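This report concerns only the one structure given below.
The values are calculated or read from the model by the stated rules, or taken from the named source; none is laboratory data. None of the values given here were measured: they were computed from a predicted structure. Glycine gets a Cβ as well: all are built from the backbone with ideal geometry, and neighbour counts include every protein chain shown. We work out accessible area using only protein heavy atoms, side chains counted, and drop any ligands, DNA or RNA first. Shrake-Rupley method; radii C 1.70, N 1.55, O 1.52, S 1.80 Å.
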Amino acid sequence: MMGPAHSLSGAAAWLGVGAAAALLDHPMPWPVVVVGALLCAGAALAPDLDQKSATISRAFGPLSHALCGVVDKLSTVVYNGTRSRGERRRSGGHRTLTHTWPWALFIGAGFSAAAAIWGRWAVLVILFIHVVLAVEGLLWRMARVSSDVLVWLLGAACAWILAGVLEEPGNGADWLFTGDGQEYLWMGLPIVLGAMVHNIGDALTISGCPILWPIPIAGKRWYPLGTPRFMRFRAGAWVENAILMPAFMVLGGAGSLVALGFVGS
């Protein structure tokens, strides 16, 4: 799928988690609902770090473009080094390493650990990165015609405000994990979810997605999981724009009403 659909599906997924948490009598404080949705929307673009033409490659200027090049080469090396005999050698790494469940868990765990160890400053960086990505995905038309600097300033301002809100007692710094030193550990969860939602979205398209690597399937380590062939579509096709994106909006809206307590559990 394209960047806007990925981000929208990520936000909808976290709002759905928020609704489920509320129904299970463990509701999220409203800042966790909002921050988690932004993190998930931003993280839903991150697997495309292996593609230099993706939305994420433009998000932070030359820095993100260079990072995409490095991840592309790393992904190519990992793919060629672990492929099965029946899988052809590749010169590019798109839809390989960063489109797998181990990568999603690795990134989420890394961000969780950083937030728990370094506290507010790590939280600010995590929020800044993912809010900028969320803007690039959810508000992509505005982001394209705007200055990158303005998008970065918006991301920095939102990160500063949201980090301050989370710090207030009862606002969610210790949501889910309440032990000493475990504040903000939950922030890795929407990041993992966003990455996995991205992979599931790509599995709906023609090429499929090797989500379960390195588990061998049908003799292939990089088996492209997907829906039945007749149900798949090309990225950016009318199905994505006319059916999936409106569905994500409806589901996200319904999830937010439950997660925020506007609809009784």
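A few remarks follow.
- Positive-pole candidate from ALA195, GLY252, PRO210, dipole of segment 181-265, charges at beta carbon: PRO210
- Taking every DSSP helix (H) stretch of at least 4 residues in the chain, weighting each as -39,500 (n - 2.57) and dividing the sum by the residue count yields a mean residue ellipticity at 222 nm of -19500 deg cm²/dmol.
- Cα-only radius of gyration and Dmax that characterise segment 121-185, units Å: 14.0, 45
- Computed on the Cα trace of segment 54-199, the radius of gyration divided by the Kirkwood hydrodynamic radius gives Rg/Rh = 1.03.
- Taking segment 202-265 and dividing mean pair separation by its residue count, relative contact order in percent (alpha carbons under 8 Å, at least six apart): 25 percent
- Estimated D of segment 122-265 in µm² per second, where Rh is the Kirkwood radius over Cα pairs and Stokes-Einstein applies at 4 °C, 1.567 mPa s: 71 µm²/s
- The chain: angle of helix 188-203 to the longest principal axis, Cα-based, in degrees nearest 10: 40 degrees
- Just so you know, the averaged projected area of the alpha carbon convex hull for the chain sits at 14.8 nm².
- On Cα atoms only, tilt of 120-138 relative to the major axis of the chain in degrees: 60 degrees
- Per-q log10 I(q)/I(0), segment 190-265, q = 0.12, 0.14, 0.27 Å⁻¹ (Debye; single scatterer per alpha-carbon; no solvent): -0.47, -0.61, -1.21
- Projecting the Cα atoms of GLY108, SER84, TRP118 onto the charge dipole of segment 77-120 (Cβ charges, centred on the Cα centre) puts SER84 farthest toward the positive pole.
- Accessible surface, the chain, averaged per residue in Å² (probe 1.4 Å): 48 Å²
- Ignoring the sites themselves, the chain has its longest run without trypsin sites (Lys or Arg not before Pro) in a DSSP loop having at most 13 other Cβ atoms within 10 Å at 90-233.
- Applying 0.36 nm per residue to the separation of MET142 and SER53 and subtracting their alpha-carbon distance, the gain on full extension is 30.2 nm.
- Equivalent-ellipsoid semi-axes of segment 168-231, from the Cα gyration tensor, Å, largest first: 37, 14, 6
- The chain: relative contact order as a whole-number percent, Cα under 8 Å and 6+ apart: 33 percent
- Charge dipole of the chain about the Cα centre (unit charges at C-beta), most positive-ward option of VAL263, LEU23, TRP152: TRP152
- Principal-axis tilt of helix 148-167 within the chain, Cα atoms, nearest 10 degrees: 50 degrees
- Inter-label distance for LEU105 and ARG89, nm, one decimal - labels placed 7 Å from Cα along Cα-to-Cβ: 3.1 nm
- With contacts taken as Cα pairs under 8 Å and at least 6 residues apart, segment 150-261 reaches a relative contact order of 13 percent.
- Under a model in which nothing but the beta-carbon of Lys, Arg (+1) and Asp, Glu (-1) is charged, segment 174-238 shows a dipole of about 720 debye around its Cα centre.
- Percent carbon-and-sulfur accessible area, the chain, ignoring ligands, DNA and RNA, probe 1.4 Å: 70 percent
- Solvent exposure of ILE215, expressed as accessible area, is near 80 Å², computed with a probe of 1.4 Å over the protein chains only.
- Nearest-20 debye value, segment 136-223 charge dipole, Cβ charges on Lys, Arg, Asp, Glu: 660 debye
- The Rg/Rh ratio for segment 1-130 is 1.03, where Rg is the radius of gyration of the alpha carbons and Rh is the Kirkwood radius.
- Debye, to nearest 20: dipole size of the chain, +1 on Lys, Arg Cβ, -1 on Asp, Glu Cβ: 1500 debye
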